[in-house]
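I am attaching a structure below and will ask some questions about it afterwards.
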Amino acid sequence: MIAEGAATFLYRPPLEPWLSVLHCDDDLLVLDKPSGLLSVAGKPAEHQDCLEARAKARFPEARLVHRLDRETSGIMVMAMNAKAQRHLGLQFERRTLAKSYVARVWGQVEGESGRIDLPLATDAEARPKQKVDMENGRQAITGWRVIGRERNATRLLLQPLTGRSHQIRVHLMSLGHPILGDSFYATGEALAAADRLQLHAETLSLRHPTGGRHCSFTQPCPF
């Protein structure tokens, strides 16, 4: 069992597809991570199956650059050598790359676009959950735009300008619109409205480690 905050669940990672490769060259390995699969292994032996391990089984030289939450699906990039890993790591650190996510959230979001600027910190009483902390939190900024409306939900395109843990999930919850199916931050009808977290990393744009050309990768939202 894995305990995540108040939620405890049996880790049953999806087996099909085992590894979905969107792009591979001498520097980049771009993957589509399914919801329910850890990005990196946990400490217990039963938590060793993860995207990193699956990638290394096929591409032994693959190196981790960033992570997605277990329940989040979508694009992850890995480096194929140490130089590319450093190059990509700096792009994440300096925020020179662009990411966009799609989410379905509970309720009708007012307006058509906006920007959430709320500092975040770890919730010491409910690790690994995060919380808005106006005094001690680190700056976190998320841009959003409505791309669809349903009876009890709104579909958003999200662009995180910072990369804090659980940033999108906590920002949307703080607005009163938790992501559907979010076992950490949604409750009641919002939690029961979907059988998985309705958050997907749809696009990733970056500079190629060799030559610096602009590269953009897209994996359409599955929900």
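Could you check the stretch 54-81 and list, in sequence order, the residues that are surrounded by 14 or more Cβ atoms within 10 Å (Cβ to Cβ) and either on the phi > 0 side of the Ramachandran plot or outside any loop (DSSP other than H, G, I, E, B) (or both)?
ARG54, ALA55, LYS56, ARG63, SER73, GLY74, ILE75, MET76, VAL77, MET78, ALA79
Against the conditions (1) crowded, with 18+ Cβ neighbours inside 10 Å; (2) more than 18 Å from GLY36 (Cα to Cα), where does GLN198 fall short? Just the number, please.
Unmet condition: (2).
Residue under question is LYS129, and the condition is that it be crowded, with 16+ Cβ neighbours inside 10 Å, in contact (Cβ under 8 Å) with a residue 40 or more places away in the chain and within 14 Å of the chain's Cα centre (by Cα); does it hold?
Numbers: crowded, with 16+ Cβ neighbours inside 10 Å: yes; in contact (Cβ under 8 Å) with a residue 40 or more places away in the chain: yes; within 14 Å of the chain's Cα centre (by Cα): no.
It is false that LYS129 is crowded, with 16+ Cβ neighbours inside 10 Å, in contact (Cβ under 8 Å) with a residue 40 or more places away in the chain and within 14 Å of the chain's Cα centre (by Cα).
Test LEU31 against the stated conditions and say whether it is in contact with a helix residue (DSSP H, G or I) (Cβ under 7 Å, 6 or more places away or on another chain), more than 17 Å from GLN167 (Cβ to Cβ), among the aliphatic types (A, V, I, L, M) and outside any loop (DSSP other than H, G, I, E, B).
Against the criterion (in contact with a helix residue (DSSP H, G or I) (Cβ under 7 Å, 6 or more places away or on another chain), more than 17 Å from GLN167 (Cβ to Cβ), among the aliphatic types (A, V, I, L, M) and outside any loop (DSSP other than H, G, I, E, B)), LEU31 qualifies.
Considering only residues that are under 18 Å from PRO222 (Cα atoms) and either among the hydroxyl-bearing types (Ser, Thr, Tyr) or without any contact (Cβ under 8 Å) to a residue 60 or more places away in the chain (or both), which ones fall in the stretch 158-180?
Of everything in the stretch 158-180, just one residue is under 18 Å from PRO222 (Cα atoms) and either among the hydroxyl-bearing types (Ser, Thr, Tyr) or without any contact (Cβ under 8 Å) to a residue 60 or more places away in the chain (or both), namely LEU158.
For the stretch 13-28, give me the residue count where each residue is more than 30 Å from GLY211 (Cα to Cα) and either among the aliphatic types (A, V, I, L, M) or part of a strand (DSSP E or B) (or both).
Counting residues in the stretch 13-28 that are more than 30 Å from GLY211 (Cα to Cα) and either among the aliphatic types (A, V, I, L, M) or part of a strand (DSSP E or B) (or both) gives 1.
Let me spell it out: the conditions are (1) in a loop (DSSP other than H, G, I, E, B); (2) in contact (Cβ under 8 Å) with a residue 24 or more places away in the chain; (3) farther than 16 Å from MET173 by Cα; (4) among the polar types (S, T, N, Q), and GLN108 meets all of them except one. Which number is the exception?
Evaluating GLN108 over (1) in a loop (DSSP other than H, G, I, E, B); (2) in contact (Cβ under 8 Å) with a residue 24 or more places away in the chain; (3) farther than 16 Å from MET173 by Cα; (4) among the polar types (S, T, N, Q) leaves (3) as the failure.
Just one of the numbered conditions (1) of a type outside the set (Ser, Thr, Tyr); (2) closer than 29 Å to SER183 by Cα; (3) in a loop (DSSP other than H, G, I, E, B); (4) more than 19 Å from the chain's Cα centre (by Cα) is not true of GLU46; which one?
Against the list (1) of a type outside the set (Ser, Thr, Tyr); (2) closer than 29 Å to SER183 by Cα; (3) in a loop (DSSP other than H, G, I, E, B); (4) more than 19 Å from the chain's Cα centre (by Cα), GLU46 comes up short only on (3).
Might you let me know whether the stretch 142-152 holds any residue that is buried (at least 24 other Cβ atoms within 10 Å of the Cβ), over 21 Å from PRO128 (Cβ atoms) and free of Cβ contacts under 8 Å to residues at least 40 places away in the same chain?
yes
Of the residues that make up the stretch 27-44, is at least one within 21 Å of PHE223 (Cα to Cα) and among the acidic types (Asp, Glu)?
yes
Please state which one of VAL132, VAL146 is touching a helix residue (DSSP H, G or I) at 6+ places or on another chain (Cβ under 8 Å) and not hydroxyl-bearing (Ser, Thr, Tyr).
VAL132
A short reminder: the numbers here are calculations on the coordinates, not readings from a lab. A quick note: this is a predicted structure, and the numbers were derived from the prediction, not measured. Note that we place each Cβ from the backbone using ideal geometry, even for glycine, and neighbour counts take in every protein chain shown.
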